[in-house]
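Undergrad: Next up is a structure, given as structure tokens.
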Amino acid sequence: MSDGKLEREGMPSREDLSRQVEFVEGRGLRLKHNDHWVWVTAKASFPWTHPEEFISLVNEEAEELLMVESLEDHVLEVRKALKRSLAEAGFCFEILKITGVEERLDLREWQVETQSGPRVFHTKVSHWPTVLDNGQVFVRDLHGDIYRIIDPESLDSKSQERLSALADF
Amino acid sequence: MNNQPLEKQFVKEVLGQSVDWPRHLLDLDRQGELLACAGLDLSDSFQFQSHWLYITEKTVGVLSESGELLESIALEKITRSNIIEGFSSHRLSLFAEDELVFTALYSHRQKRAMGQCVHILEQLLEKKSLSVKKSAEDIYFESVFDPYEKGHGTNMGGESTVVWRLLKLLIPYKNRVILGGIAAALMTLVSLLPAYLTGYLVDNVIKPFQSGQLTHEDAMQIFAYTIIALAVTKVMREFFMWIRLRTMSILGEMVAKDLRDQVYSHLHKLSVSYFSSKQTGSLISRVSSDTDRLWDFIAFGVVEVMTSVIMLLGLSMVLLYLDWPLGLMVTLPVPIILWSIMKHGDEMRGLFMRCWRRWSSMTDCLSDTIPGIRVVKAFNKGEDEVERFKDRNQDCLNEFTGVHQLWTTFWPKLMLTIHVIVVGVWLFGVPRVLDHVAEFNATGSTDVGLTPGEFVAFVIYLTMFVQPIEVIGQMARMVNRATSSAYRVFEILDTDPQVVNLDQAEVVKDLKGEVEFKNVIFSYDGVRKILKGISFHVQPGEMIGLVGPSGSGKTTITNLLARFYDPQDGFIKVDGRNLNEYDQGSYREQLGMVLQEPYLFHGSILENVRYGRPDASLSEVVRAARAANAHEFILKLPQGYDTIVGERGHTLSGGERQRISIARAILRDPKILILDEATSAVDTETEKKIQQALDRLVQGRTVFAIAHRLSTLTRADRILVVKNGELVEEGTHSKLMSIEKGVYKKLVNMQTDLNKFDETKEV
């Protein structure tokens, strides 16, 4: 670790990262590692609280090849490339409206509208949404999909009312 | 096409997902060409879509929702696949060498189905024979339904189905139900009589006597008959009440007992995988609290609702019969009152949900800190934890205050409304009574207005109105609570064991202990493969050491050998026969296990040693304990073999518990023995004693030993080295040590270095 930046042996420094990371349309992110291009995925270490810091670039075997401490430290192309990769790995459904929350079949059924379209999902009745310090609300359904409400107070009043029994925001 | 109505119906009705596959997919399935399929439910711009990926023996294809063929890739062109997992999206990519030939996104909901597709694809790419046991449609719908099946009881239809199923439990006791039901109905009807008799007394005794129409003697005579009738109705009411309570409460207990027996015996039939996916507390609560709640519903709830409905209908008819204008005044607001009670119930439910959440948060605090009290103290966080608890406790108080504010406001308001109706009845009723009296006094006619007796009866009936309204208003909540419990109970009963005996399963009496694994593939979750085609052959009496990094699949091999799970692909043979051809119970009698965490049951040491063979003689028990190096320490205990070891054997040290578990295994005399890290949790001195005991135990048996300390495996006839679910090395200790850059050699060297480091530190 030097200068606040975590590096791996043989990894490019912050200065020349722009020549060694690129996003290939329809294919993904690649990194020049030991003079070879390697397909990698960008994973945020703190995806909800600090999404643009400590970005880990991992290969198909989930081995970390590089840690980028902060996107801000890098030139625009690198930031763009990493953000594209992050957007896919970090994608979760954003709830725009809660049209219904019911207890049904001993499960909690959520009927929501997301940025991807309308969706019905279920959680266990004993599983409550998680509320972060920054106010974001997260719900994980039985299949493992994650649903996020970035700003609960920006939801319509009915949605807020439905959410209020389940989470404090 | 094989139909799976339950899963399909669920996916359609509950998830609102289209279950109508594109025609091309259906055709492929009908023709038997479809091997697997999964939804590609996310577009590249992360919008929901209904595209389908399918696999046949020759192609990988993609269909649009309308059935248009979007992609068709020849299988021979594909060399490998890759999945990148995200939070809510996964990306599947297919490659021809390094060239990307296809990529698409899907959500977690399709993850298991896609896992199946990729598994089959890999089998095809590796030119392995496929052992697909189910149709593609079954595999698909089961995979989407699986988290629901594992999570909760959803495979039994809607709420009304559950209520009917619950009521069906009463069928074996139908005589009791009929008796209880008749008693409840009669009790309700008899309850209506005293008010009528009171009115009769006023109109036919008091009033005629007051006006001089009846003599004192006649009045007393009618009064006597009336009072006897009143007394009889009261006695009858209590008699019917007694029959009802006794019959139904005992009936409830019987049904709850039946359910507990059924659930517990079914639990023992279920596979280990079921218990891995459930919390112990939840299962215990289903057998105990949930069956108890169902007793409450069957014994009282059903009858309460039934009698309340009868009472309400009876009262309404009587009131309308006595005086229809006043009767309408009382009965018309009833639906509004019922609606307001139900609405109040909804509000209360919302508040209770908040309370429950607060309560969970408070109890989480306890379940976090009490088991971890050493850490709390070591980090001096006691005060912080107390503050955290106080905050959450305060939150609970705030929420419960809200609940109490709501119900304490609602019920007085409701009662006030009913009082208004009562006042209204008086307001309109009394002038009509006066009209009646005036008319009667003037003309002797009884046709005008309301008699005083009818009015008195009316007012008494009015007071009886509140209770059934309240019960019916709470009915939804009562049914909801009961069906929730029923779901949890029925979910256990409806779960099929994943490992089942075949119809012609052979009861095995004496095994030799020959074991063969052939291309065994296994995954716990159906997605991540833990074993990737393991093959080996073990002769009877051989001792096999299983070695590999943690998570490599060693314990999984022993779990499969014990038939806690069945492999997804490949086969396991014992003494030349497929493991699933043996009766599970008789096979496991030939199997012994000594685990890292020995489990002792509450009871004496004698009972624990004898657990696998309750008929073992005392001399056999002592011999086994001696062989396990346990006899000496047992005799040091004041009560010897009769010492009660307490729950999970907590009164004994880890090493002592382990030696008792070895004695248990020795007494069982298994032909195949599994030792899973049996010595890893004890000190060196104890390990030595346990190792001596194990050396005696392993003789003459086929042994699979997993050990953290590789030095303990040098005596093994052969060592199998497993890495990432594959068998990477196999041979004796010396043979494996001769492999340069071998995995085993590397592990041994690492451990030797670590030991040297430890010794240096101690010096």
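Undergrad: Report yes if A:Gln111 is closer than 21 Å to B:Ser88 by Cβ, in contact (Cβ under 8 Å) with a residue 60 or more places away in the chain and more than 8 Å from every other protein chain (Cβ to nearest Cβ), otherwise no. Talk me through it step by step, then tell me what you get.
TA: On the way: closer than 21 Å to B:Ser88 by Cβ: yes; in contact (Cβ under 8 Å) with a residue 60 or more places away in the chain: no; more than 8 Å from every other protein chain (Cβ to nearest Cβ): yes.
When the stated conditions are applied, A:Gln111 does not pass them.
Undergrad: Looking at B:Leu511, B:Leu560, can you tell me which residue is farther than 30 Å from B:Gly345 by Cβ, without any contact (Cβ under 8 Å) to a residue 60 or more places away in the chain and in contact with a helix residue (DSSP H, G or I) (Cβ under 9 Å, 6 or more places away or on another chain)? Let's see the steps before the verdict.
TA: Details: B:Leu511 fails: without any contact (Cβ under 8 Å) to a residue 60 or more places away in the chain.
Exactly one of B:Leu511, B:Leu560 is farther than 30 Å from B:Gly345 by Cβ, without any contact (Cβ under 8 Å) to a residue 60 or more places away in the chain and in contact with a helix residue (DSSP H, G or I) (Cβ under 9 Å, 6 or more places away or on another chain), namely B:Leu560.
Undergrad: Suppose the filter is open to solvent by 50 Å² or more (accessible area, probe 1.4 Å) and either at pLDDT below 90 or within 22 Å of B:Asp569 (Cα to Cα) (or both); does B:Arg112 pass it? Before the answer, list the steps.
TA: Numbers: open to solvent by 50 Å² or more (accessible area, probe 1.4 Å): yes; either at pLDDT below 90 or within 22 Å of B:Asp569 (Cα to Cα) (or both): yes.
Here the answer is yes, as B:Arg112 does meet what is asked.
Undergrad: On to the next question. Take segment A:119-134 and flag every residue that is of a type outside the set (A, V, I, L, M, F, W, C) and more than 8 Å from every other protein chain (Cβ to nearest Cβ).
TA: A:Thr123, A:His127, A:Pro129, A:Thr130, A:Asp133, A:Asn134
Undergrad: Go through segment B:454-558 and tell me which strands (runs of 3 or more DSSP E), entirely inside it, have 1 or more residues that are surrounded by fewer than 19 Cβ atoms within 10 Å (Cβ to Cβ) and not basic (Lys, Arg). Before you say what the answer is, go through the steps one by one.
TA: Working: elements: B:515-522, B:531-538, B:543-547.
Hits in segment B:454-558: B:515-522, B:531-538.
Undergrad: Considering each of A:Lys158, A:Lys124 in turn, give the residue that is of a type outside the set (Asp, Glu) and out of contact with any Leu (no Cβ under 8 Å at 6 or more places or on another chain).
TA: On the way: A:Lys124 fails: out of contact with any Leu (no Cβ under 8 Å at 6 or more places or on another chain).
Being of a type outside the set (Asp, Glu) and out of contact with any Leu (no Cβ under 8 Å at 6 or more places or on another chain) holds for just one of A:Lys158, A:Lys124, which is A:Lys158.
Undergrad: Can you tell me which of A:Val137, A:Val58, A:Val101 is at pLDDT below 90 and either surrounded by fewer than 19 Cβ atoms within 10 Å (Cβ to Cβ) or of a type outside the set (D, E, K, R) (or both)? Reasoning before the result, please.
TA: On the way: A:Val137 fails: at pLDDT below 90; A:Val101 fails: at pLDDT below 90.
The unique qualifying residue is A:Val58.
Undergrad: Take the residues in segment B:369-427 that are open to solvent by 80 Å² or more (accessible area, probe 1.4 Å) and not in a helix (DSSP H, G or I); name whichever of them is nearest to B:Pro452 (Cα to Cα).
TA: B:Ile370
Undergrad: So, one more: May I ask you to say which residue of B:Leu230, B:Leu192, B:Leu259 is touching a helix residue (DSSP H, G or I) at 6+ places or on another chain (Cβ under 7 Å) and modelled with pLDDT of 90 or more? Reasoning before the result, please.
TA: Numbers: B:Leu192 fails: modelled with pLDDT of 90 or more; B:Leu259 fails: modelled with pLDDT of 90 or more.
The match here is B:Leu230.
Undergrad: Could you check segment A:62-90 and list, in sequence order, the residues that are open to solvent by 30 Å² or more (accessible area, probe 1.4 Å), more than 10 Å from chain B (Cβ to nearest Cβ) and in a loop (DSSP other than H, G, I, E, B)?
TA: Hits for segment A:62-90 are A:Glu63, A:Val75.
Undergrad: Taking segment B:69-107 on its own, how many of its residues are outside any strand (DSSP E or B) and in contact with a helix residue (DSSP H, G or I) (Cβ under 9 Å, 6 or more places away or on another chain)? Talk me through it step by step, then tell me what you get.
TA: Here is the first cut: in segment B:69-107, the ones outside any strand (DSSP E or B) are B:75-79, B:86-88, B:97-98.
Subsequent filtering for residues that are in contact with a helix residue (DSSP H, G or I) (Cβ under 9 Å, 6 or more places away or on another chain) retains B:75, B:78-79, B:86-88.
Number of matching residues: 6.
Undergrad: Follow-up question, since we're still on this one. Between A:Glu103, A:Glu153, which is under 24 Å from B:Asp395 (Cβ atoms), facing chain B (nearest Cβ under 10 Å), in contact (Cβ under 8 Å) with a residue 12 or more places away in the chain and of a type in the set (Asp, Glu)? Even if it seems obvious, please write down each step before you answer.
TA: Numbers: A:Glu153 fails: facing chain B (nearest Cβ under 10 Å).
From the options A:Glu103, A:Glu153, the qualifying one is A:Glu103.
Undergrad: Given the condition surrounded by fewer than 19 Cβ atoms within 10 Å (Cβ to Cβ), aliphatic (A, V, I, L, M) and not in a helix (DSSP H, G or I), answer yes or no: does some residue in segment B:710-724 qualify?
TA: Scanning segment B:710-724 turns up no residue that is surrounded by fewer than 19 Cβ atoms within 10 Å (Cβ to Cβ), aliphatic (A, V, I, L, M) and not in a helix (DSSP H, G or I).
Undergrad: Here are the criteria: (1) crowded, with 18+ Cβ neighbours inside 10 Å; (2) part of a helix (DSSP H, G or I). Tell me which single one B:Ser285 does not satisfy.
TA: (1)
So that you can scan it fast, the table gives a plain yes or no per residue for (1) open to solvent by less than 70 Å² (accessible area, probe 1.4 Å); (2) more than 12 Å from chain A (Cβ to nearest Cβ); (3) of a type in the set (Asp, Glu):
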| site | (1), (2), (3) |
| --- | --- |
| B:Arg23 | no, yes, no |
| B:Ala74 | yes, yes, no |
| B:Ser89 | yes, no, no |
| B:Glu97 | no, yes, yes |
| B:Leu100 | yes, no, no |
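Undergrad: Could I ask something else about it? Restricting to segment B:679-707, name every residue that is assigned to a loop (DSSP other than H, G, I, E, B) and at pLDDT below 75. Before the answer, list the steps.
TA: Filtering segment B:679-707 for residues assigned to a loop (DSSP other than H, G, I, E, B) gives B:679-683, B:699-701, B:707.
Matches in segment B:679-707: B:Thr679, B:Ser680, B:Ala681, B:Val682, B:Asp683.
Undergrad: Same structure again: Six or more apart or on different chains, Cβ atoms under 8 Å: show the pairs whose first residue is in segment B:530-557 and over 15 Å from B:Glu729 (Cα atoms) and whose second is of a type in the set (Gly, Ala, Ser) and surrounded by fewer than 17 Cβ atoms within 10 Å (Cβ to Cβ).
TA: Short answer, once both residue conditions are applied: B:Gly541/B:Gly700.
Undergrad: Can you pull out every residue in segment B:559-571 that is among the charged types (D, E, K, R) and not in a strand (DSSP E or B)? Write out each step before concluding.
TA: Taking segment B:559-571 and keeping what is among the charged types (D, E, K, R), we get B:563, B:566, B:569.
Once the filter is applied, which keeps residues that are among the charged types (D, E, K, R) and not in a strand (DSSP E or B), segment B:559-571 yields B:Arg563, B:Asp566.
Undergrad: Now for a separate question. Are any of the residues in segment B:331-354 open to solvent by 80 Å² or more (accessible area, probe 1.4 Å), more than 14 Å from every other protein chain (Cβ to nearest Cβ) and assigned to a loop (DSSP other than H, G, I, E, B)?
TA: Scanning segment B:331-354 turns up at least one residue that is open to solvent by 80 Å² or more (accessible area, probe 1.4 Å), more than 14 Å from every other protein chain (Cβ to nearest Cβ) and assigned to a loop (DSSP other than H, G, I, E, B).
The values are calculated or read from the model by the stated rules, or taken from the named source; none is laboratory data. These numbers were taken from a predicted model, which means no experiment stands behind them. Methodologically, a virtual Cβ is constructed for each residue, glycine included, from the backbone with ideal geometry; neighbour enumeration extends over all protein chains shown. All accessible areas refer to the heavy atoms of the entire protein, side chains included, with ligands and DNA or RNA removed. Shrake-Rupley method; radii C 1.70, N 1.55, O 1.52, S 1.80 Å.
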